[in-house]
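See structure below.
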Amino acid sequence: MKKTTLWLAAVLLLTGSVFAQTPVKTPTTREMNLLCWQEFGELVPAKIKTVLLPMGSLEPHGVIPSGADNLEPEAMARDIAERVGALIAPTLNYGMTADMKAYPGAVSISKEAYAAFAGEILENLAAQGFQNIIILNGHGGNTTILNEAASRVSNECRVRIFLVNWWTLVDDITKDVFKQNGGHAGNNETAYTQAIVPDYIHPERYTLEMTAPLPAPAGAFYAHPVTTSILLYEKGQGYPTFDPVQAKEYFRKVNDRVAELILDAIKKWDAAGVYR
Ligand SMILES: [Zn+2]
């Protein structure tokens with residue numbers, strides 16, 4: 001055996017034994033609901049510094065499940081958690097939806113209760129040692145209050161918090177996939193939800209009369225409760241398509257964009273050196 005070959009064999013043997021002593025451990029699951037406390041303690045913050053927090057609502061959504069705003073960010077979190085090196089916190093399945101509360105099956109939480117509850121979830125996640133809390137918001141009605149809570153908790157607990165409103169972030173993807181703008185419970189949300197729970201989508205219940213454009217210009221009128229749950233961002237565009245191929249394409253493209261945004265934000269926070 002040549003001298004170099006002997007060296008190579010020695011190095012391989014050595015690295016092999018090092019790996020044998022400290023095996024690369026991957027989490028048994030990324031869901032906080034399923035982790036035992038001992039494993040969570042081993043992972044956070046030593047190995048995992050980021051948590052994805054889906055925040056949704058229970059409200060009518062055209063002919064798709066009323067929990068669409070919960071199912072969407074939850075499925076998104078499961079799809080991207082490994083890519084962004086994160087754990088997944090349990091979803092907050094209730095939000096603020098005062099103008100849809102009149103519809104069957106809807107639940108709306110008051111501003112005061114929601115702000116306090118959401119804020120304490122953020123505080124607890126920060127106290128557990130997460131450096132980056134990523135709120136995957138599924139419901140527009142939560143945005144203002146969540147953003148206020150995020151800003152306060154970030155400053156008070158010295159933690160980085162990022163809030164994503166996915167349907168706004170992917171405006172260009174919606175227009176690319178459907179060749180139209182979207183809507184609440186419109187083409188975009190229906191497709192994304194269809195990719196997750198295809199058996200719970202009801203095209204047989206859908207009629208054009210169930211749709212209405214959002215006020216244009218914004219603020220032109222207000223309806224309490226809203227007159228329909230399929231609210232088109234633009235008049236004449238955003239009708240559900242119920243196309244399973246489009247659904248899969250949209251789901252993949254949306255998740256890729258959200259993952260890319262999160263990784264970029266963490267990279268920039270690290271570079272800036274904030275809340276290391
Ligand atoms: Zn929704």
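Quick notes on this one:
- Residue ID - surrounded by the most Cβ atoms within 10 Å (Cβ to Cβ), chosen from residues in segment 49-69 that are assigned to a strand (DSSP E or B) and within 9 Å of the ligand (Cβ to nearest atom): 64
- Taking the criterion of being near the ligand (Cβ under 10 Å from one of its atoms), within 17 Å of the chain's Cα centre (by Cα) and not polar (S, T, N, Q), the residues of segment 167-202 that qualify are 167, 184, 185, 189, 192.
- Restricting 225, 215 to those that are within 25 Å of residue 101 (Cβ to Cβ) and touching a residue at least 12 places away in the same chain (Cβ under 8 Å) reduces the list to 225.
- Filtered residue count, segment 147-157, keeping only those that are out of contact with any Gly (no Cβ under 9 Å at 6 or more places or on another chain) and either within 16 Å of the ligand (Cβ to nearest atom) or under 29 Å from residue 65 (Cβ atoms) (or both): 1
- Checklist (1) surrounded by fewer than 15 Cβ atoms within 10 Å (Cβ to Cβ); (2) in a strand (DSSP E or B) applied to residue 276, failing item: (2)
- Note on segment 164-233: enclosed helices (runs of 4 or more DSSP H) holding 1 or more residues that are of a type in the set (Gly, Ala, Ser) and under 18 Å from residue 139 (Cα atoms) are 187-196.
- Complete set of residues in segment 152-162 that are in contact with a strand residue (DSSP E or B) (Cβ under 8 Å, 6 or more places away or on another chain) and either over 19 Å from residue 267 (Cα atoms) or part of a helix (DSSP H, G or I) (or both): 153, 154
- Residues of segment 102-136 classified as surrounded by 21 or more Cβ atoms within 10 Å (Cβ to Cβ) and either over 18 Å from residue 70 (Cα atoms) or in contact with a Ser or Thr (Cβ under 6 Å, 6 or more places away or on another chain) (or both), total: 4
Let's see how each residue does on (1) within 13 Å of the ligand (Cβ to nearest atom); (2) within 28 Å of residue 224 (Cα to Cα); (3) in contact (Cβ under 8 Å) with a residue 40 or more places away in the chain; (4) in a loop (DSSP other than H, G, I, E, B):
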site: 87; (1), (2), (3), (4): no, no, yes, no
site: 90; (1), (2), (3), (4): no, no, yes, yes
site: 116; (1), (2), (3), (4): no, yes, no, no
site: 126; (1), (2), (3), (4): no, no, no, no
site: 134; (1), (2), (3), (4): no, no, yes, no
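- Number of positions in segment 188-247 that are buried (at least 18 other Cβ atoms within 10 Å of the Cβ) and of a type in the set (Gly, Ala, Ser): 5
- Residue check for residue 30: farther than 12 Å from residue 136 by Cβ, at pLDDT 95 or above and more than 16 Å from the ligand (Cβ to nearest atom): yes
The values are calculated or read from the model by the stated rules, or taken from the named source; none is laboratory data. These numbers come from a predicted model, not from an experiment. Neighbour counts are summed over all protein chains in view; Cβ atoms, including those assigned to glycine, are modelled from backbone coordinates with ideal geometry.
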